[in-house]
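Working notes, structure below.
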Amino acid sequence: MAAIDGLPPLRDVIARHGLEPRKSLGQNFLLDLNLTQKIALTGGPLDNSTVLEVGPGPGGLTRALLANGAQKVVAIERDSRCLPALAEIAEHYPGRLDIIEGDALKVDFAAIAGGQTIKIIANLPYNVGTQLLVNWLLTEPWPPYFQSLTLMFQKEVGQRIVALPGSSAYGRLGVLAGWRTESRIAFDVPPQAFTPPPKVTSSVVHLIPRKTPYSCEAKALSMVTQAAFGQRRKMLRQSLKSLGGEPLLSACGIDPQRRAETLEIKEFCDLANAVEQMSAP
Ligand code: SAM
C-alpha cells in the first residue's frame with residue numbers, strides 16, 4: 001500500500017493505534033493491497049464515484065478506494081479505536097473521506113447518499129452483513145439510491161444470495177436478491193487473506209439493482225418468503241397456512257403440495273401480491 005499512496009503499511013498502523021482485532025465486532029482485517037484493489041474495482045472503474053463503505057477498520061479497503069479514484073468515500077465505523085487511523089487517511093486525501101462513527105444498522109444510508117447515486121463497497125462484519133443486505137434489498141423506493149453493492153460474505157452466504165430455484169442454497173435471501181438485483185459471486189477469498197484468519201472461505205458478491213423487478217410489495221414478499229422457507233421441508237399449504245393456505249395458493253395457480261424451494265421468484269411475487277389483496281380492507 002505504501003507504494004501506492006505514501007501512507008504507512010497497515011501492519012504499522014494497526015500496531016501504532018493498538019487496533020487488536022475484536023471478534024465481537026467481526027474484525028478480520030485485509031492487509032493485502034492487491035486484494036483490496038481487486039475488491040475496490042470489482043464493479044468497474046471508480047472515477048468520479050461516491051462510495052459508501054461499512055466498517056473501514058484500519059482503512060485497507062478505504063485506501064484502495066481512494067487510491068483507485070473514488071471521488072468521495074463515506075465510511076461508517078462502529079469502533080472508535082479506528083477513528084485516529086482513519087483521520088490520517090482523511091488528511092492524506094483532503095475533502096475526499098468522511099468518517100461517520102456509528103452502527104451501520106441504525107444509519108440512514110439514503111440520507112447520507114443525499115440524492116447522489118452511490119456505490120456501496122464493503123468488507124462487512126459477518127455478524128451484521130446479512131441483515132444489512134436485507135435492509136438494502138428492501139429499500140423503498142426502487143430503483144434505489146445505490147448503483148451497485150460489492151460486499152464480502154462468508155462463502156456459504158454468498159451462495160445463498162446467488163442461489164437459483166431448486167438448489168439447496170435457495171431461500172429467502174436468494175428470492176429477495178434475485179427479485180431486485182442481478183447478482184454474481186465475483187471471486188472467493190481464502191481465510192489466510194485476513195488478519196486474523198476466519199474459519200471459513202469468503203466470497204465477494206456483486207449486486208446490480210434491476211430497474212424493473214416484478215411488481216410486488218417488498219414487505220409482503222419478505223413475509224411470504226419467511227413463512228415459506230421457515231418450514232422449507234413442509235408443503236406450501238402447511239407453511240403458508242397462516243397467510244392464506246390453500247385458497248391463497250389456488251388463487252395464484254400454485255400446487256399446494258409443492259415446497260418453497262421449487263418456486264420461481266415470479267411465483268413468490270404472485271403470492272405476495274395475493275396476500276396484499278386478501279388483507280386489503
Ligand atoms: N474494511 C476493513 C478491512 O477490510 O480490513 C475491516 C473489515 S472488518 C471484517 C469489519 C469492520 O466493521 C470492523 O472494522 C468493525 O469494527 C466494523 N463494524 C462491526 N460492526 C459494525 C457496525 N454495526 N456498524 C459499522 N461498523 C461495524
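Below are the figures for this structure:
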item	result
So S242, is it surrounded by fewer than 14 Cβ atoms within 10 Å (Cβ to Cβ) and not assigned by TED's automatic domain parsing to the domain that holds P144	yes
Subset of region 117-141 (residues that are away from the ligand (no atom under 13 Å from the Cβ), surrounded by 14 or more Cβ atoms within 10 Å (Cβ to Cβ) and under 21 Å from D47 (Cα atoms))	I118, K119
Number of positions in region 99-116 that are within 12 Å of the ligand (Cβ to nearest atom), more than 17 Å from the chain's Cα centre (by Cα) and aliphatic (A, V, I, L, M)	2
Filter result (within 8 Å of the ligand (Cβ to nearest atom), part of a loop (DSSP other than H, G, I, E, B) and among the small types (G, A, S)) within region 39-90	G55, G57, G59
Test: residue in region 130-145 that is in a helix (DSSP H, G or I) and either aromatic (F, W, Y) or modelled with pLDDT under 95 (or both)	yes
Residue that is over 20 Å from I265 (Cβ atoms) and either outside any strand (DSSP E or B) or more than 18 Å from the chain's Cα centre (by Cα) (or both), where the choices are K199, K211, K219	K199
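The values are calculated or read from the model by the stated rules, or taken from the named source; none is laboratory data. These numbers come from a predicted model, not from an experiment. All Cβ positions, even for glycine, are placed from backbone atoms using ideal geometry, and neighbour counts span all protein chains on display.
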